[in-house]
Structure formats: C-alpha cells, structure tokens
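S.K.: One structure, pasted below without further comment.
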Amino acid sequence: MFFRIKNNNSGCPNCKGTENVIMFNWKLACEGRTNKYTKYVKSIKKVEKLKFGWLYECLNCQQKWFLSDNKQTMTRIPKEKEDIFYIWKIKKNEVNNQLLKSLIKIMANPPDLYGNVEDYIRVPCKVILKTGEEIDFSYVQFQKSPPVEPYYDNIRFIDEIESVVSSDYVLNNEIRVASVNAQEIRMGFAPTLIKTLDEKYFIVNWSSDFFEYGSFKGKDMLLAECDLNMAQLPPIVDTKRNRITYFIGDYQDSVKQLVLDNK
C-alpha cells in the first residue's frame, strides 16, 4: 500500500521538479556510487513484475516508472502515455510465422557504431492493416520495454497487421548497412553519401531506413562511392519522426534472425 511522504528529501525526479528526466541508470543509483539519482532509490518502489521488466511507482507523487528487464534503466512513464503502457502490459504481441517470413525479406538494421537502437529490432516496411489501410512509413518493432519514450508519436501494435511488404521509401540494404557504420565527423553529423542513377547526390544522417526527396524515393537511391566534399554538401535528408508509425511486438528469440549482417 502506498502512502505520501512528507520528507522534503523524498520523491522521484518527477515530484522533485525535474520532469525532463526521461530515464536514468537504476543500477548505479542502487549501488550509490556518487550517482545523483541515488537519493531517489528509497522513494521509487516496486509494484509488480511485468512480461518484461517491472513496474515501479514513486511513494510521494505516484509517478509510474518502468525498470528494464536487465535491471539497468529506470524509464519514466509519462501521464499521457499511461494508456499505451497498459495496452502494452496486457497484450500478448507475439509475431506469427506468416509475418515473420515477410519481415525476413526486408530485415532490420543492426545497431550503429555507437550502440544506438541496440534495444530494439525494427524492420522498415509498408504495413497493410486488417482494416485495409496501407501505411508506407512503418516500423515493425520488437522490444522488451513499453513504447513510452517521448520520441514515439504514432504507436500501434502488431495484432493490427494483416501483412507487410517492401516500401518504395525504404533504402536498399547496402545503403542501410553503410549508414549504420557511418562515423560522427562532427557533433550530430554521421553522413552517408547516396545518389540517383543520374548522379543527383544526397546525404542521409546516422542510421537510415527511409528516404523521400521530391519525386525521389528510397528505391531510387544507390550508395555513392566518391568522397564527401565538406565545402559543398548536397541536401541532407532526414525522415520526420512524426511520419513514421511504430507497430510494437514483443521480443522473442525468433526475431533475432531479422537483423542484417553488419559487413
């Protein structure tokens, strides 16, 4: 049973006025190694075991938190994402054989050089829903955590999917693997140079799956072999996050085969 704490030193980052804290390292906080979040350990208490990880709650403000399956990371569950969290919590989002076979034809990027996206397996594709709706900019994403991070704008679940096919907006595997291995040459800039058949050049930044620029789509692009001219950069093309719909599935051993070889 939870109760409200009167001590001014109690609480979590949320009730202490630091709502911008999305997540922190729970393992280090518990070990007390001069971690600034150690003070919150006594106030964030376990509520229940989930299909992956654990649900925690602040004794002071009742803010809900998710502890990752490996007990490393504590993630805040925003109030506006609690509905999504509870759907994730009760749904069994397992991939069926038909969907798995279709995803194998497309594949997911491996994590990049800096470990980004190592907690997810996400396959870029076109999704056809059971309602008949088609969504070109889609990820079918497998994970061991609820999709509550603020950078997820459009969340759905894999039980809505009728089938998946290759999207015209998805880059070929050669470009995608090259972008995974792109090095950060300045702050926030890890470019991969690509081109069209008629030698129009573009840059994708960091690990990339989708591409659209005017009439050009991912299917039209090739990996460029020439060096990047920093004095005269071609257009840098990023896919806006709010264009992508994420279809969330539960992580299973079978989805490991969906990751592209990082050669």
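What follows draws every value from the coordinates through simple rules; no lab data is involved. Given the structure is predicted, the values throughout are model-derived calculations rather than measurements. All Cβ positions, glycine included, derive from the backbone under ideal geometry; neighbour counts span all protein chains shown.
S.K.: Which of the GluC sites (Glu not before Pro) found in segment 155-249 are in a DSSP loop and have at most 10 neighbouring Cβ atoms, other than their own, within 10 Å?
M.R.: In loop regions of segment 155-249 (DSSP not H, G, I, E or B), the sparsely surrounded GluC sites (Glu not before Pro) are E199, E225.
S.K.: For the pair K256 and N172, what calculated FRET efficiency results from E = 1/(1 + (r/R0)^6), where r is the Cβ-Cβ distance and R0 = 35 Å, to the nearest 0.05?
M.R.: The calculated FRET efficiency here is 0.95.
S.K.: Taking Rh as the Kirkwood radius, which is the inverse of the mean 1/r over Cα pairs, what is the Rg/Rh value for segment 1-117?
M.R.: 1.07
S.K.: In whole Å, largest first, what are the principal axis extents of the Cα atoms in segment 80-123?
M.R.: Ordered largest first, segment 80-123 gives principal extents of 32, 32, 12 Å.
S.K.: Could you check the spin-label model distance between K79 and R241? Points 7 Å from the Cα along Cα→Cβ, value in nm.
M.R.: Each label point lies 7 Å from its Cα, and together they span 2.1 nm.
S.K.: Further question: Using a 7 Å offset from the Cα along the Cα-to-Cβ direction at both K200 and V47, what is the distance between the two label points in nm, to one decimal?
M.R.: 5.1 nm
S.K.: Given charges of +1 on the Cβ of Lys and Arg and -1 on the Cβ of Asp and Glu, with all other atoms neutral, how large is the dipole of segment 119-263 about its Cα centre, in debye to the nearest 20?
M.R.: 180 debye
S.K.: List the residues whose amide H sits under 5 Å from the amide H of Q63, counting only those 5 or more places along or on another chain, with H placed 1.01 Å from N in the peptide plane.
M.R.: Here C58 satisfy the definition.
S.K.: Segment 33-133: which trypsin sites (Lys or Arg not before Pro) are DSSP loop and have at most 12 other beta-carbon atoms within 10 angstrom?
M.R.: R33, K36, K71, K92, K105, K130
S.K.: Here is a follow-up. At a Förster distance of 25 Å, what's the computed FRET efficiency of R33 paired with C61, Cβ-Cβ distance as r, to 0.05?
M.R.: 0.45
S.K.: Then there's this: Two decimals, Cα atoms only, Kirkwood Rh: what is Rg/Rh over the chain?
M.R.: We get a ratio of 1.03 for the chain.
S.K.: So what's the net charge close to G53: Lys and Arg +1, Asp and Glu -1, counting the other residues with Cβ under 11 Å from its Cβ?
M.R.: +4
S.K.: DSSP beta bridges in the chain, what fraction antiparallel, as a percent rounded to 5?
M.R.: Here the share of antiparallel DSSP bridges comes out near 75 percent.
S.K.: Further, regarding this structure: Filter the chymotrypsin sites (Phe, Trp or Tyr not before Pro) in segment 86-149 to those in DSSP coil with at most 13 other Cβ atoms within 10 Å of their Cβ, and list the result.
M.R.: Answer by residue number: Y114.
S.K.: How big is the convex hull of the Cα atoms of segment 118-180, per residue, in Å³?
M.R.: Measuring per residue, one finds 103 Å³ for the Cα hull of segment 118-180.
S.K.: On alpha-carbon atoms, Rg over Rh for segment 95-225 using Kirkwood Rh?
M.R.: That ratio is 0.97, to two decimals.
S.K.: First measure r as the distance between the Cβ atoms of F216 and Y114, then evaluate 1/(1 + (r/R0)^6) with R0 = 25 Å and state the FRET efficiency to the nearest 0.05.
M.R.: With a Förster radius of 25 Å, E is 0.35.
S.K.: While we're here: Nearest 20 debye, what's the magnitude of the dipole of the chain about its Cα centre given +1 on Lys and Arg Cβ and -1 on Asp and Glu Cβ?
M.R.: Computed charge dipole of the chain: roughly 1600 debye.
S.K.: If you don't mind, there's one more thing I want to ask. Using only C-alpha positions, report the orientation-averaged shadow area of the convex hull of segment 151-216, nm², one decimal.
M.R.: Approximately 6.5 nm², given one-decimal rounding.
S.K.: Hey, got the Cα dimensions of segment 166-263 along the principal axes, in Å, largest first?
M.R.: Principal-axis extents of segment 166-263 (Cα, largest first): 46, 29, 24 Å.
S.K.: Return the subset of K42/K240; K39/K144; K16/K71 for which the Cα-Cα distance in this structure is over 31 Å, preserving the input order.
M.R.: Result: K42/K240 exceed 31 Å.
S.K.: Mind checking the dipole of segment 1-134: about its Cα centre, +1 per Lys or Arg Cβ, -1 per Asp or Glu Cβ, Debye to the nearest 20?
M.R.: Magnitude of the dipole: close to 540 debye.
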